[in-house]
Every structure is written in structure tokens, then in C-alpha cells.
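Report on one structure; see the data block that follows.
The values are calculated or read from the model by the stated rules, or taken from the named source; none is laboratory data. Here the structure is a predicted model, which means the values were calculated and not measured. When we count neighbours, we look across all protein chains shown, and the Cβ atoms used for this are built from the backbone with ideal geometry, even at glycine.
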Amino acid sequence: MNRRGSVRTRDAIIESLSIRVTELVQRLRGMFPEDPGTRLSVAQAARLAGVEPSVRRHILETLADSHFLKSGRDGTFTLR
């Protein structure tokens, strides 16, 4: 594969990952308003979303940083 082809492939992979992360964030945001008392641990959220806990943790922490979620001392996240 030439350089131009590999750049296109890389760009397609990055775009695909960006779309996937956006979908995961929207999915997670949708979980909380449905049940305002929802408390999810990283492991529970990972199982619900079908992704690795490290990916989910990053997304949950990002949503906490943006003040959508609140991170509890027990490692769970709730709607702010």
C-alpha cells in the first residue's frame, strides 16, 4: 500500500473510532435521564454498553468533567 492509501486508511479508522465514541457517549447520556436515580459503576456501564471498562471509564470521567454526571466516592456515577 502506498503512503496515500495508508493515510486514507488511518483517517478512516480515526473517523470510525470518533463515531463509535460519540455513539457511546450518547447512549450513556440516554441511560441516566430514563431513571434519574441510576447509579452505575464502570463495570456495570461497560457491560451495558458492551465495551471495555477502560473505555467506559474514560467516557464516564469525561461526562463527570463536563458536569453531566457526578462521580461518587464509591466509584459509581450518577446524574448531576
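Each residue in region 37-56 was checked for being surrounded by 14 or more Cβ atoms within 10 Å (Cβ to Cβ) and either within 16 Å of R20 (Cβ to Cβ) or at pLDDT below 75 (or both), and 7 pass.
When region 52-80 is limited to residues that are among the aliphatic types (A, V, I, L, M) and in contact with a strand residue (DSSP E or B) (Cβ under 6 Å, 6 or more places away or on another chain), the one that is farthest from G30 (Cα to Cα) turns out to be A64.
For first residues located in region 25-36 and surrounded by fewer than 14 Cβ atoms within 10 Å (Cβ to Cβ), partners that are at pLDDT 75 or above and outside any helix (DSSP H, G or I) and lie 6+ apart or on another chain with Cβ distances below 6 Å form the pairs P36/L79.
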